[in-house]
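The values are calculated or read from the model by the stated rules, or taken from the named source; none is laboratory data. These figures come from a predicted structure and were not determined experimentally. Cβ sites come from the backbone with ideal geometry, for glycine too, and all protein chains shown count toward neighbours. Ligands, DNA and RNA are excluded from the accessible area calculation, which covers all protein heavy atoms including side chains. Shrake-Rupley method; radii C 1.70, N 1.55, O 1.52, S 1.80 Å.
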Amino acid sequence: MREVAVIGVGMTKFGEHWEKSFRELGIEAGYRALLDAGIESKDVDALFVGNMSGGIFLEQEHISSMVSEAVGMTEHNVPALRVEAADASGGVAFQQAVLAIASGVYETVVVGGAEKMSDLTSIGVTDAMASMGDRSWEGLFGATIPSLYALVARRHMAEFGTTKEQLAHVAVKNHYNGARNPYAQFRREIKLETALRASPVAEPLGMFDCAPISDGAAAVVLTTFDNAKKLSEKPVVKVVGLGLATDTLALARRKEITTFKATVAAARRAYEMASIKPSDVDVAEVHDSYSIGEILAIEDLGFFKKGEGGPATEEGRTALGGEIPVNPSGGLKARGHPLGATGVAQIAELVWQLRGEAGDRQVKDARIGLAQNVGGVGGTAAVTILEVI
Amino acid sequence: MDVGIVTYGVYVPCYRILPEEIGRVWGKDGAAVGKGLMVEMKSVPGLDEDTVTISVEAARRALKRKPVDPKEIGAIFVGSESHPYAVKPTATIVAEAIQAAPNLTAADFEFACKAGTAGIQALLGMVKAEYIKYGVSIGADTSQGAPGNALEYTAAAGGAAYVIGRDDVIARVNHTVSFTTDTPDFWRREGMKYPSHGERFTGTPAYFRHITSCAKMLMEKAGTKPEDYDYAVFHQPNGKFPLRVAKMLGFANEQVMTGLWTPKIGNTYSGSMLIGLAAILDEAKPGDRILAVSFGSGAGSDGFDITVTDEIKNFNRSAAPTVKELTSVYKVIDYAMYTKYREKIKMEGE
Amino acid sequence: MPVPRYWRYQDQRYNLAGSKCGVCGGVYFPQRPLCPKCHRESLGKMERVTLSGEGRIISYTVVHEPLIDYEHQAPYIMALIETPEGPILLGQIVDAEPEEVEIGREVEAVFRKLREEGKSGTIQYGYKFRLKR
């Protein structure tokens, strides 16, 4: 299998984009990625799009054709497809593109992730997101996605003594980082009390434990490592590890809920492929759709022992200057979470970090980066490891 | 062949509202109204409860007390004036929820407060004729009283399920008779949320006439007098009417008190007499004789002459809560919460 | 929810009807045609079994931001219940204040309305849980 590298990244600002359509967001992200890569549309062999639900948010399926047309690629009938894995759609689309190039079928592929959520009312978004869980056995019984994460949080608190303050520290840290990210939806630091006093969504989770409703798109350009070395004027970022895993759709059908086994399995596969250990990772972008999600992630990825994620966050060990900076972009909480775009935005952030282009949120000497993208309440996990050469 | 009651179960929702709270909103001395009606509080169904859920719980409780194989249930009838669907039977949902489907007949009955007893009469016939081995009749309601109306102080929610069979009965129905006339004392037109009634007309020409006529017919057929009964239970729209009709017929208060539950839970309409009867069966001993007469507006009364059998000693009564037990834990709510639960508030889109 | 899909799972929702693998004896809820341990050997050998409805709370939450058609029920309590038969169930806790709910508390299943699809749609019933008192 051939080695694959990222040569360009781009994204829109994430947020509520009333005037911009889904197509316009996609075009903006794609254009920036191509400019960054120094290539043109004619150089692109295929288009992979991560999008969770055009069907519910836009009443639109066939996203592959929609995006291909929007970015002007139907002129050459370019191959395109959409990947869906709830809010791991972006990360899984990225991995599929890597495999497609590694297999030898394509040379240069653009991976886009996009979602436009804000056209629906809040309850409409809550309901759309419930399709990430088991509609018949969770949604029908009244369970929203935040309520399922809340069940995980309460159990984690009971088993390991994790506190609400520790959960709030995730939001505080991520807002601090997001304030330094020009693409973030929320660019203001917050105080711990603000997070703790927030109105409840599903106890013990409140508004500041939950990622916002966002519109946005991110895109990356992938090509063979050999092409990259020849083409790119910027430091080349190689894809060194991939891991993908599933777990049950419904939370109740798992034996334990305080570990996302999909993350554990995906991480193991990625670490093995990359021949590295968790302690070799210099910077990580993880899936904090809910604050407890980040706590679980840093445990399940092996950065900290099970149960120590809360104290580790509280002690600042995952802060920008900490021993393993997590979510320097601001994470899903502050950067925003357009469901299908997040996984690709995580890659973009890692590339900026590994190239030394991350400005005020730069992690020093970042050489190996890890992205963890989760679908729903742990039904899918995609872990990707990048290394700057 | 003995035909009668094989087992029974009762369900009453746990919320209550007091007459003084209702009076507070409508500018009346609610406590005095409650005292006059002999009603201390009435039950209120939760937002997720209706006649279907009450019927299922009551039926499941009945089956917990006696191991009747649900597949041997040949008929299920649910009597109510508050079926959740105007068209689509409550009885079929109950049938699936007690795993009796599909080899049985089912239908919903309506006859104001006596719909449940009408179902029992139908089952007695089917069981005696050996068309079915067991049948279930349920009387359950989540009745509505119009805001500020007298009935609002008493219209409550609850239900009782009776399994009718032969031979292994805990209470044998010796006789049943009915007195039925076209008397428009209380009615509700299709599409209307609240019923209408003839106020004082609902008394003498309706409730009292039908119950006394039915009870007299029954005692004549059975060759009995009031003294021959250990218990008497009547339809109980409030706490006062059953005591008055008992006196008119020559029964003593002591015979009626065990089965008098409206003071504690309000008028459960189709559940009313049947919950009272259940409270009697909760305490009755072999050989006890019961006179039970229902009343449904429109109007009619079904009367039953019942004798408790030895089988009640083998009956696993404690597998489900008695009427005393299940009404001992409750939560009092205010009028605002009551209007929310009873869906009296006009909502968006209506 | 389209009527056929709602109807298809009725027995499971009303009666807590799950599956028992005829090969390994594993009990699952909801029903499944295939045992995840025995794979093809279990095809055609999954038996219908009903759970008792008894259980114990292993986690709970109070939902303040609900789904469509659940607006007026909010806030409501949702819990994960472990059962003696094995499967874990997800359901609402009814007739209780949030302060009364704790991990480890015993519950029993009850039959309640899950939701109504507006004023003219179907009424959907299923299981919820009540604290054992």
Normalised convex hull volume, chain B, alpha-carbon set, Å³ per residue:
124
Note down, for the range A:231-385, the three equivalent ellipsoid semi-axes (square root of 5 times each alpha carbon gyration tensor eigenvalue), biggest first, whole angstrom.
24, 17, 15
Considering only C-alpha atoms, what is the centroid distance from the range A:319-351 to the range B:193-220, in Å?
75
Hz values of 3J(HN,Hα) by residue in the range C:105-119 - Karplus curve (6.51, -1.76, 1.60), Gly and Pro given as x:
5, 7, 9, 9, 6, 10, 9, 9, 6, 7, 6, 10, 8, x, 7
In terms of the Cα gyration tensor, with a ≥ b ≥ c the square roots of its eigenvalues, is the range B:281-350 rounded because a/c is under 1.5, prolate because a/b exceeds b/c, or oblate?
oblate
How many square angstrom of accessible surface are buried between A and C, both sides summed, with a 1.4 Å probe and rounding to 100?
2900
So what's the range A:308-389 giving for Cα Rg divided by 2.2 N^0.38 Å, two decimals?
1.09
If you build a Gaussian network model of chain A, linking Cα atoms that sit under 10 Å apart, which residue out of A:ILE101, A:ILE276, A:ILE213 swings the most?
A:ILE276
Any of A:LYS164/A:LYS306; A:LYS261/A:LYS305; B:LYS240/B:LYS324; A:LYS261/C:LYS45; A:LYS20/A:LYS234; B:LYS346/C:LYS119 with alpha carbons more than 24 Å apart? Name them for me.
A:LYS261/C:LYS45; A:LYS20/A:LYS234
For the protein assembly as shown, build the charge dipole from Cβ charges (+1 Lys, Arg; -1 Asp, Glu) around the Cα centre, then report which of B:GLN99, B:ILE265, A:GLY72 sits farthest towards its positive end.
B:ILE265
Relative contact order of the range C:52-131 (C-alpha contacts under 8 Å, at least 6 apart) in percent is 31
Given the options B:THR180, B:THR204, B:THR117, state which has the largest fluctuation in a GNM of chain B using a 10 Å cut-off (strictly under) for Cα springs.
B:THR204
The helix A:261-274 Cα axis meets the longest alpha-carbon principal axis of chain A at an angle in degrees, between 0 and 90 and rounded to 10, of 40
Consider just the alpha-carbon atoms of chain C and return their Rg together with their Dmax, both in angstrom.
16.2, 47
Positive-pole candidate from A:ALA179, A:GLY241, A:ALA265, dipole of the range A:168-280, charges at beta carbon:
A:GLY241
With a ≥ b ≥ c taken as the square roots of the eigenvalues of the C-alpha gyration tensor of the range A:86-144, please select rounded if a/c is under 1.5 and otherwise prolate if a/b is larger than b/c or oblate if it is not?
oblate
Solvent exposure, largest accessible area first (probe 1.4 Å, DNA, RNA and ligands not counted), of A:ARG197, B:ARG342, B:ARG289
A:ARG197, B:ARG289, B:ARG342
In the range A:1-90, the chymotrypsin sites (Phe, Trp or Tyr not before Pro) that sit in a DSSP loop and have at most 16 other Cβ atoms within 10 Å of their own Cβ are A:TRP18
What is the distance in Å between the Cα centres of the range B:83-145 and the range A:67-113?
60
Counting pairs of alpha carbon atoms under 8 Å apart in space and at least six apart in sequence, what relative contact order in percent does chain A give?
26
Between A:LEU244, A:LEU25, A:LEU58, find the one with the highest GNM mean-square fluctuation for chain A; connect C-alpha pairs within less than 10 Å.
A:LEU58
Hey, what's the Cα Rg ratio for chain A versus the globular rule of thumb, 2.2 N^0.38 Å?
0.89
Percent of alpha-carbon pairs separated by more than 18 Å within the range B:172-312:
53
Can you list the residues, at least 5 places off or on another chain, whose amide H is less than 5 Å from the amide H of B:ARG16, using H built in the peptide plane?
B:VAL44, B:LYS331, B:VAL332, B:ILE333
Among DSSP beta bridges lying fully in the range B:172-312, give the percent that are antiparallel, nearest 5.
80
At 15 Å minimum axial length over the Cα atoms and a Kyte-Doolittle cut of -1.0, report the qualifying DSSP H helices in chain B, or say none.
B:51-65, B:115-128, B:209-222
Distance cut-off 22 Å, percentage of C-alpha pairs in the range A:200-306 lying past it:
50
Extent of the range B:1-94 along each principal axis, from alpha carbon coordinates, in Å, largest to smallest?
53, 32, 21
What accessible surface, in Å², does a 1.4 Å probe find on A:LEU205, ignoring ligands, DNA and RNA and rounding to the nearest 10?
0
Euclidean distance between Cα centres, the range B:256-289 to the range A:129-156, Å:
43
Using Stokes-Einstein with the Kirkwood hydrodynamic radius over Cα pairs, what translational diffusion coefficient do you get for the range B:143-206 at 4 °C and a viscosity of 1.567 mPa s, in µm²/s rounded to a whole number?
85
What number, in percent, do you get for the relative contact order of the range B:172-312 if the mean sequence gap of Cα pairs under 8 Å and at least 6 apart is divided by its residue count?
36
Global form of the protein assembly as shown, assessed from the alpha-carbon gyration tensor, a/c cut-off 1.5
prolate
